[in-house]
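Working notes, beginning with the structure itself.
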Amino acid sequence: QIPDDKAKIEQLWFLLDGQDVMPQLVNDDLTKGIIQSKFASADNKDMEAFADKMNRFIESNQNENCHIELTGMPSVYAKLSSSLINSQYSSLFIAIIMVVLIVGLILRSASKGIIAAIPVVATIIILFGFMGIAGIPLDIATVLVASIALGIGIDYSIHVITGFNYHLKENGDAEKSIEQVILMSGKSVVINVVSVSAGFLILLVSQLVPLQNFGLLVAISMFGSGFGALTLLPAILILVNRKRKITANNH
């Protein structure tokens, strides 16, 4: 522990001068030194809080004659966390735009591309909300969950919309078409959701907490996107079809 009193610091320096420990604390010309501290907690949030507190201390205490630099794992984790969050937001936004465009081209309708993405986007929002409530940090493992949810979840939406378009052309009734889609394709969606979720839930038995969180979050995202494709998406399709009919009748 570094003494608070200057006289005690000088006394400690005198006692350590010439000892083997000195090269670990200062350089040869005594212009650079290192202050080491042990960090008891391995939690990322604690490390980020510590790094933030130290950075504020450095900003208020260093001057032109004294340059202070924070190093070590707390600093690395704080920078890594900030980089992950920023890259997550930007990459996720770009991915959603790309998915909407590609699905819109596949279904030959820009509006249906947007509609297909709604259940998945809702699932991702709920997923991040759950992470906040459960205290699950955004790390190297969990940062991938939103992309996986988007990539797999959009398949369920495409499956439902494609089936809806097919049956709507046959009978012209939106509600009846949705019933047929759920009866015929709903089972396939449910089986896929359960099988994929079960595969990722195996990670809960892992001894690594990041892998446990990853498996749990992917399973939740699969259930959410599947549930949204069979409930939220049909409701949106029926409402959009009704509005189109009302507009057509008015004209």
Using a simple spin-label model with points 7 Å from Cα along the Cα→Cβ vector, what separation in nm is obtained for Leu208 and Glu170?
4.7 nm
Residue separation times 0.36 nm, minus the C-alpha to C-alpha distance between Ile34 and Arg108: what's the value?
20.3 nm
Extension gain from Glu179 to Asp17, taking 0.36 nm per residue of separation minus the Cα-Cα distance
49.9 nm
Place the peptides 124-132, 167-175 in order of packing, highest mean first, counting for every residue the other Cβ atoms within 10 Å and averaging per peptide.
124-132, 167-175
Helix-only mean residue ellipticity at 222 nm for the chain, each DSSP H run of n ≥ 4 adding -39500 (n - 2.57), per residue, nearest 500:
-26000 deg cm²/dmol
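Starting from the Cα-Cα distance between Tyr89 and Val194, subtract it from 0.36 nm times their residue separation and give me the gain in nm to one decimal.
Details: separation 105, 0.36 × 105 = 37.80 nm, distance 2.83 nm.
This chain segment gains 35.0 nm when fully extended.
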As an exercise, take the mean of 1/r over every pair of distinct alpha carbons in segment 110-250, invert it, and state the Kirkwood radius in angstroms.
16.0 Å
Could you compute the net charge surrounding Gly33? Neighbours are other residues with a C-beta less than 14 Å from the C-beta of Gly33; K and R count +1, D and E count -1.
-3
By a straight-distance test (C-alpha under 20 Å), which aspartates and glutamates pair with Lys187 as possible cross-link partners, with residues fewer than eight away in the same chain excluded?
Asp155, Glu175, Glu179
Mean Cα-pair separation over length for the chain, i.e. relative contact order, pairs under 8 Å, 6 or more apart, %:
16 percent
Using a cut-off of 28 Å between alpha-carbon atoms, which lysines can reach Lys53, once sequence neighbours fewer than 8 places away in the same chain are excluded?
Lys6, Lys8, Lys32, Lys38, Lys45, Lys79
Taking +1 at the Cβ of each Lys and Arg and -1 at the Cβ of each Asp and Glu, which of Gln36, Leu239, Gln207 sits farthest along the dipole of the chain towards its positive end, judged by Cα position relative to the Cα centre?
Leu239
Looking at (i) -0.48, -0.54, -0.81; (ii) -0.29, -0.38, -0.87; (iii) -0.43, -0.52, -0.81, which value of log10 I(q)/I(0) by the Debye sum over Cα atoms at q = 0.07, 0.08, 0.12 Å⁻¹ comes from a calculation on the structure shown?
(iii)
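Where a number appears in this text, it was derived from the coordinates with a stated rule and is not lab data. Bear in mind that the values here come from a model prediction, so they are computed numbers and not experimental data. Glycine also receives a Cβ, built like all others from the backbone with ideal geometry; neighbour counts cover every protein chain displayed.
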